[in-house]
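These notes concern the structure reproduced below.
The values are calculated or read from the model by the stated rules, or taken from the named source; none is laboratory data. Bear in mind the structure is a predicted one, so any value in this text is a computation, not a measurement. Here the Cβ positions follow ideal geometry from the backbone for every residue, glycine too, while neighbour counts run over all protein chains shown.
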Amino acid sequence: MKLSSLYGVLGSPLSRSSSAYLFNEYFKKYSMDALYLPLDCDSSRFSHIMPAVKRAFSGVNVTSPLKREFYRECAFHDEASSVTGSVNIVKINMGKLEGYNSDPAGFRYLIESNGVEVSGKSIAVLGSGGASASVAYALRRWYDPGSVAIVSRRAGKDGGNLTGYGNLREEYDVLISTIPYQHQESFLSQFEMVIGRIRPTVVIDIVYNPKVTLFMKAAALNGVRTVGGMDMFLGQAGTAFDLWFKRKVDMEELKEILLSWG
């Protein structure tokens with residue numbers, strides 16, 4: 001059978017990604033004539049794979065480290081991608097790419113699903129990549145935080161205004177990690193020190209696999225509430241269905257599919 005539409009996720013590494021399972025199970029449940037493929041691709045291979053993506057695919061999700069590479073390929077950008085300079089959902093029509101960023105909407109879904117209070121709070125966002133910019137955008141777009149600091153190891157990188165985790169002030173209420181899981185171990189000793197000193201009200205990690213990350217374990221050991229990234233991932237997936245298929249999905253149904261993943 002010839003498929004009417006092909007979708008996928010691009011980035012690297014994808015070993016922890018459940019996107020293909022989630023989308024394909026949903027396609028199967030509703031007899032949708034579509035297939036979703038994981039395409040492990042880093043920046044060095046990006047230019048080689050793009051011609052095939054443009055010809056064969058109707059849409060793709062984009063993850064690290066390709067969000068900014070795809071931004072440059074897109075002829076159209078929505079507001080969120082324009083502000084953050086990164087794309088994580090792409091619609092493809094006759095080789096023309098439209099770029100969208102569902103990270104802010106996904107983060108908003110996480111905040112509201114878990115009842116996290118951010119308005120009026122002092123917030124530190126750890127990491128300075130595309131996801132960090134998206135989280136900061138969401139906080140400022142829909143809430144009224146007291147302050148938002150993007151924490152990077154190098155001063156001035158992508159708006160980072162702190163040089164290291166040891167410089168974090170003691171009054172932060174909320175710490176949000178946007179650091180990919182494969183890089184977390186190198187930050188862990190600094191993070192444990194910060195958690196022990198600051199004692200925030202809540203720690204959020206936008207990583208969804210594993211459900212309990214190294215950062216979350218460190219926070220829990222210090223008696224701090226933790227929130228993982230599953231709901232952000234679900235919010236992103238719901239946005240993709242809406243953009244690609246004009247289809248509003250039942251978020252609880254998506255969660256059931258995700259929880260059944262290996």
Task: Residue check, residue 31 assigned to a loop (DSSP other than H, G, I, E, B) and within 19 Å of residue 233 (Cα to Cα) - done: no
TODO: Could you list, in sequence order, all residues of the range 234-262 that are part of a loop (DSSP other than H, G, I, E, B) and either closer than 15 Å to residue 109 by Cα or touching a residue at least 24 places away in the same chain (Cβ under 8 Å) (or both)?
DONE: 248, 249, 250, 260, 261, 262
Open item on the list: Given the criterion closer than 28 Å to residue 123 by Cα, among the β-branched types (Val, Ile, Thr) and in contact (Cβ under 8 Å) with a residue 24 or more places away in the chain, identify the matching residue among 194, 212.
Closed with: 194
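From the set of residues in the range 150-174 that are outside any helix (DSSP H, G or I) and either closer than 26 Å to residue 89 by Cα or among the hydroxyl-bearing types (Ser, Thr, Tyr) (or both), which is modelled with the highest pLDDT? Working first, answer last.
Our first condition is that a residue be outside any helix (DSSP H, G or I); within the range 150-174, this holds for 150-156, 160-164, 168-174.
Narrowing the set further to residues that are either closer than 26 Å to residue 89 by Cα or among the hydroxyl-bearing types (Ser, Thr, Tyr) (or both) leaves 150-152, 160, 163, 172.
On the way: 150: 87, 151: 85, 152: 76, 160: 50, 163: 52, 172: 90.
Out of the qualifying residues, it is 172.
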Open item on the list: Residue under question is residue 116, and the condition is that it be assigned by TED's automatic domain parsing to the domain that holds residue 246 and either part of a strand (DSSP E or B) or among the hydrophobic types (A, V, I, L, M, F, W, C) (or both); does it hold?
Closed with: no
Task: For residue 226: the one exception among (1) of a type in the set (S, T, N, Q); (2) at pLDDT 95 or above; (3) in a helix (DSSP H, G or I) - done: (3)
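Which of the residues spanning the range 233-254 are of a type in the set (A, V, I, L, M) and in contact with a Ser or Thr (Cβ under 9 Å, 6 or more places away or on another chain)?
If we filter the range 233-254 for residues that are of a type in the set (A, V, I, L, M), which is where we start, we get 234, 237, 240, 243, 249, 251, 254.
Selection gives 234, 237, 240, 243, 251.
I'd like the full set of residues that are of a type in the set (Val, Ile, Thr), surrounded by 22 or more Cβ atoms within 10 Å (Cβ to Cβ) and outside any loop (DSSP other than H, G, I, E, B), limited to the range 196-223.
Taking the range 196-223 and keeping what is of a type in the set (Val, Ile, Thr), we get 198, 201-204, 206-207, 212-213.
Now narrow it down to the ones that are surrounded by 22 or more Cβ atoms within 10 Å (Cβ to Cβ): 203-204, 206-207, 213.
Selection gives 203, 204.
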TODO: Please specify each residue of the range 81-137 satisfying the condition of being touching a residue at least 60 places away in the same chain (Cβ under 8 Å) and under 27 Å from residue 6 (Cβ atoms).
DONE: 88, 89, 91, 100, 102, 103, 105, 106, 109, 130, 131
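Of all residues in the range 43-57, count the ones that are of a type outside the set (S, T, N, Q), under 25 Å from residue 180 (Cβ atoms) and in contact with a Leu (Cβ under 8 Å, 6 or more places away or on another chain). Give the derivation first.
If we filter the range 43-57 for residues that are of a type outside the set (S, T, N, Q), which is where we start, we get 45-46, 48-57.
When the remaining residues are screened for being under 25 Å from residue 180 (Cβ atoms), the result is 45-46, 48-50, 53, 57.
Checking which are in contact with a Leu (Cβ under 8 Å, 6 or more places away or on another chain) leaves us with 46, 49, 53, 57.
Counting residues in the range 43-57 that are of a type outside the set (S, T, N, Q), under 25 Å from residue 180 (Cβ atoms) and in contact with a Leu (Cβ under 8 Å, 6 or more places away or on another chain) gives 4.
What number of residues in the range 5-23 are farther than 17 Å from residue 89 by Cβ and either surrounded by 15 or more Cβ atoms within 10 Å (Cβ to Cβ) or not assigned by TED's automatic domain parsing to the domain that holds residue 251 (or both)? Give the steps one after another, and end with the answer.
Filtering the range 5-23 for residues farther than 17 Å from residue 89 by Cβ gives 12-13, 15-16, 21.
Still in the running and either surrounded by 15 or more Cβ atoms within 10 Å (Cβ to Cβ) or not assigned by TED's automatic domain parsing to the domain that holds residue 251 (or both): 12, 21.
Residues flagged as farther than 17 Å from residue 89 by Cβ and either surrounded by 15 or more Cβ atoms within 10 Å (Cβ to Cβ) or not assigned by TED's automatic domain parsing to the domain that holds residue 251 (or both) within the range 5-23 amount to 2.
Evaluate the following for residue 32: is it aliphatic (A, V, I, L, M) and under 27 Å from residue 207 (Cα atoms)?
Working: aliphatic (A, V, I, L, M): yes; under 27 Å from residue 207 (Cα atoms): no.
It is false that residue 32 is aliphatic (A, V, I, L, M) and under 27 Å from residue 207 (Cα atoms).
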Task: Residues (of a type in the set (Phe, Trp, Tyr) and either closer than 21 Å to residue 132 by Cβ or in a loop (DSSP other than H, G, I, E, B) (or both)) located in the range 51-102 - done: 57, 70, 71, 100
- [ ] Give me a count of the residues in the range 125-137 that are under 20 Å from residue 200 (Cα atoms), assigned to a helix (DSSP H, G or I) and of a type in the set (A, V, I, L, M, F, W, C).
- [x] 2
Open item on the list: Between 45, 72, 16, which is closer than 24 Å to residue 207 by Cβ and without any contact (Cβ under 8 Å) to a residue 12 or more places away in the chain?
Closed with: 45
